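Trainee: The following block contains the structure, expressed as structure tokens.
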Amino acid sequence: MNRQPLIAHIPALRRYARALTGDAWACDDLVQDTLERACAKWRLWLAGSDLRAWLFTIMHNLYVSQVRLRVRQGDLAHPLDLSELDQEPAAPASGADSAIDLQRCLLRLPEEQRAVLLLVTLEDLSYAEVAKITGVPVGTVMSRLSRARSRLQELMDISADPPARGSVAATESVTPPLRRLK
């Protein structure tokens, strides 16, 4: 088995895993699991077919399986919805505010929308490739992408322009600002 083509895709796998999980440790574990599965199932890859799409399919399926397992085991009996939290961590006062807000907003998207958005925008895959990876029709990919972009824009607008404190809108419709936890 020639490992060179596999190694070339590790940075892209890490980017996608990090965006999916939102956690460096979980990202590394997911990439490791993906590479182990790819090596174990190498004979199933068809030479000449898209190795990148095959690896992303493996990663996507592993991630979905891990989430389902955690739900069954009770670790995520009720997946955390950040919009339901009373308080969220405040963003640090620095130039990294928008990057932190983007990551926070990405994690607030439903998993299937986030996966499609990341594969199309971050990994620059075609709709057909994303459809193959996620196992849904191209029309569903386009629909999820559209909803993800719209929702992400709404979330980013809310985090960028919070109303003045004390106003009715500020207390009812906007999530509290992030605060830094040590």
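Laboratory data are not the source of any read-out in this text; all were calculated from the coordinates shown. Please read all numbers here as calculations on a predicted model, not as lab measurements. Cβ coordinates were reconstructed from backbone atoms using ideal geometry, including for glycine residues, and neighbour counts include every protein chain displayed.
Trainee: What's the local net charge at A115, with K and R +1, D and E -1, over the other residues with C-beta under 12 Å away?
Mentor: So the environment of A115 carries a net charge of -1.
Trainee: For the pair A128 and S49, how long in nm is the line joining their label points, each one 7 Å along Cα→Cβ?
Mentor: 1.5 nm
Trainee: Taking the mean number of other Cβ atoms within 10 Å as a proxy for protection, how do you rank 128-140, 36-48 from highest to lowest?
Mentor: Numbers: 128-140: 16.7, 36-48: 11.0.
Most protected by this proxy first, the peptides run 128-140, 36-48.
Trainee: If packing is taken as the average count of other Cβ atoms within 10 Å, what order do 115-123, 9-17 fall into, highest mean first? Kindly include the intermediate steps, with their values, before the conclusion.
Mentor: Numbers: 115-123: 21.0, 9-17: 18.1.
Result, highest mean first: 115-123, 9-17.
Trainee: Please give the residues of region 14-36, grouped as numeric ranges, whose backbone N is less than 19 Å from a label point set 7 Å along the Cα-to-Cβ vector of V64.
Mentor: Of the residues in region 14-36, 16-22, 30-31, 33-35 have backbone N under 19 Å from the label point off V64.
Trainee: Suppose R0 equals 25 Å; then what is the FRET efficiency for Q153 and Q103 from their Cβ-Cβ distance, rounded to the nearest 0.05? Each step should come with its number before you reach the end.
Mentor: Details: r = 15 Å, r/R0 = 0.62.
With a Förster radius of 25 Å, E is 0.95.
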